Amino acid sequence: MNRDRGSDRDLDLEGLAFESLAVHAGAEPDELTGAVSPPIYQTSTYRQEAVGQPTRGYEYARTQNPTRERLERAVAALEGGGEGIAFASGSATTAAIADLAGPDDEVVVGDDVYGGTFRYLERVRKPSGVKPHYADLAGDPDALWEALTDRTRLVWFETPTNPLLKLIDIAAAAAVLRERYGDRPRPRIVVDNTFASPALQRPLDLGADIVFHSATKYLAGHSDTVLGIAVARDPEIIERLRFLQNAMGAVPGPFDCFLVLRGLRTLHLRVERHAANADAIAHFLASREDVEWLRYPGLADGDHAHPHGAVVASGQMRAGGGMVSFIPRGGGAHGRSARERAIAICESTRLFTLAESLGGVESLIELPAVMTHASVAGSRLEVPEALVRLSVGIESADDLIADLRQALDGA
């Protein structure tokens, strides 16, 4: 029987659970044909009805693209509202957000961030007059207050942090700014939510002004695209980031947007499996006498033999996520140093692939000091030389543990 496909059939996303949003936000059936999998608008330009009269407002794909708009709408919905602005990479997103701080402005930055973020702030924005200041926002409760000045424009951090997996209380940071600045204009809080994803944490609901992702990671989830996206609710921020998106031209192609959109539809399922596997691996590593230091959000003191560096996820996160970091103890079968053992472990896993990046369905292992965080060497953000970072995938937990066991035993 034919049924009316009018607006009364349109799905109202309001009030849907996260799992339903992940499947349907931005993936609504095609308006023209009803196709359940919407088409990819692989075009660079659009026919105009007359001079200066673009069809439905579409002029040029750098400025507007229906596939990109679907992705932006989807991620904004998953982050709890606002407007999404997509960029060609997480680094391009970083550059656009950092542009909100001008000459003589200060940026308070968490003291454990992705090496590329540190590199951009130090080697691009700092020479142009922006002053980054780094503080342990996860440790000393007074560190944020003491770092703030009347020139502070942005407060920028990751939580969990990369690669030490420290947790920063977003709501507490927002409360500090409200108390410090009162009715005066206050700095904007920028939260990199790449490690947690909106499946585990919604920074905007906790007081952040801008949340952003390297969508290359958990949002896309399959290690097959590079893309970044920011979400904000403040119209002034949205207008500026949208202008920069168009003016800088660092926009993602429609097929990359499609790949992230496709990944979003299983985000909730993947993150659940990532977290379950990571928790099992963290407990396995905690049982090893040859593991000196271990950190996994959600692993409480007393859960394991080596509580050094253990952290418990705060109420803002719903699970520990898929990232685990550890430092092996020196010694082992060959009497190696901790760094030598870390390298041997990274080079001898079989199921864990030695590679940069994270958040894909496959498990990855890396040595941040010489890979993702080489740019922070010699700075106060320098990471331990023997630190091993795991991005735990969705394979069998038993197989992953067996792979790490043979690598640790052999190192």
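The values are calculated or read from the model by the stated rules, or taken from the named source; none is laboratory data. Model, not experiment: these values are computed from the prediction. Neighbour counts are summed over all protein chains in view; Cβ atoms, including those assigned to glycine, are modelled from backbone coordinates with ideal geometry. What goes into the accessible areas is simple: the full protein's heavy atoms, side chains included, and nothing from ligands, DNA or RNA. Shrake-Rupley method; radii C 1.70, N 1.55, O 1.52, S 1.80 Å.
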Working from the pairwise distances between different alpha carbons, so that the mean of 1/r is found and then inverted, what is the stretch 194-306's Kirkwood radius in Å?
16.5
Net charge (Lys, Arg +1; Asp, Glu -1) of residues whose beta-carbon lies under 12 Å from that of S128, S128 excluded, is 0
Distribution of pairwise C-alpha distances over the chain, 10 Å bins, in %
5, 22, 31, 24, 13, 4, 1, 0
Please state the relative contact order of the stretch 158-228 as a whole percent: Cα pairs under 8 Å, 6+ residues apart?
28
Any idea what % of Cα-Cα pairs in the stretch 63-151 are farther than 20 Å?
50
Counting only the heavy atoms of the protein chains, how much of M323 is accessible to a 1.4 Å probe, in Å² to the nearest 10?
10
With label points set 7 Å from each Cα along the Cα-to-Cβ direction at A402 and E49, the distance between them in nm comes to 6.4
The stretch 315-411: which trypsin sites (Lys or Arg not before Pro) are DSSP loop and have at most 13 other beta-carbon atoms within 10 angstrom?
R350, R380
Formal net charge of residues neighbouring G335 (Cβ-Cβ distance under 15 Å; K, R +1; D, E -1)
+1
Counting only helical runs of four or more DSSP H residues, what would the 222 nm mean residue ellipticity of the chain come to if each run contributes -39,500 (n - 2.57) and the total is spread over all its residues?
-9000 deg cm²/dmol
Just to verify a number: FRET efficiency for D224 and R180, C-beta to C-beta distance, R0 = 45 Å, to 0.05?
0.55
Along each of its three principal axes, how wide is the spread of alpha-carbon positions in the stretch 108-189, in whole angstrom units, largest first?
33, 30, 16
What FRET efficiency do you get for M371 and R262 if R0 is 45 Å and r is their Cβ-Cβ distance, rounded to the nearest 0.05?
0.95
FRET efficiency for D205 and R56, Cβ-Cβ distance as r, R0 = 35 Å, nearest 0.05?
0.60
Spelling out what I want: for every residue of the stretch 329-337, take phi, set θ = phi - 60°, compute 6.51 cos²θ - 1.76 cosθ + 1.60 (Karplus), and round to whole Hz; glycine and proline get x.
7, x, x, x, 5, 10, x, 7, 6
Per-residue accessible area, 1.4 Å probe, largest first, puts S348, S197 in the order S348, S197
³J(HN,Hα) computed for each position of the stretch 279-285 - Karplus, 6.51 cos²θ - 1.76 cosθ + 1.60, integer Hz, glycine/proline x:
4, 5, 5, 4, 5, 5, 4
Could you check how many percent of all C-alpha pairs in the stretch 167-244 are farther apart than 18 Å?
47
Cα-only Debye scattering, the stretch 1-116: base-10 log of I(q)/I(0) at q = 0.10, 0.11, 0.13, 0.15 Å⁻¹
-0.48, -0.57, -0.76, -0.93
About the Cα centre, charge dipole magnitude for the stretch 36-138 (Lys/Arg +1, Asp/Glu -1 at Cβ), debye:
520
Spelling out what I want: for every residue of the stretch 293-298, take phi, set θ = phi - 60°, compute 6.51 cos²θ - 1.76 cosθ + 1.60 (Karplus), and round to whole Hz; glycine and proline get x.
9, 9, 9, 8, x, x
What are the semi-axes of the equivalent ellipsoid of the stretch 86-133, taken as the square roots of 5 times the eigenvalues of the Cα gyration tensor, listed largest first and rounded to whole Å?
17, 13, 9
Given 0.36 nm per residue, what is the gain on full extension from V361 to Q42 after removing their alpha carbon distance, in nm?
112.2 nm
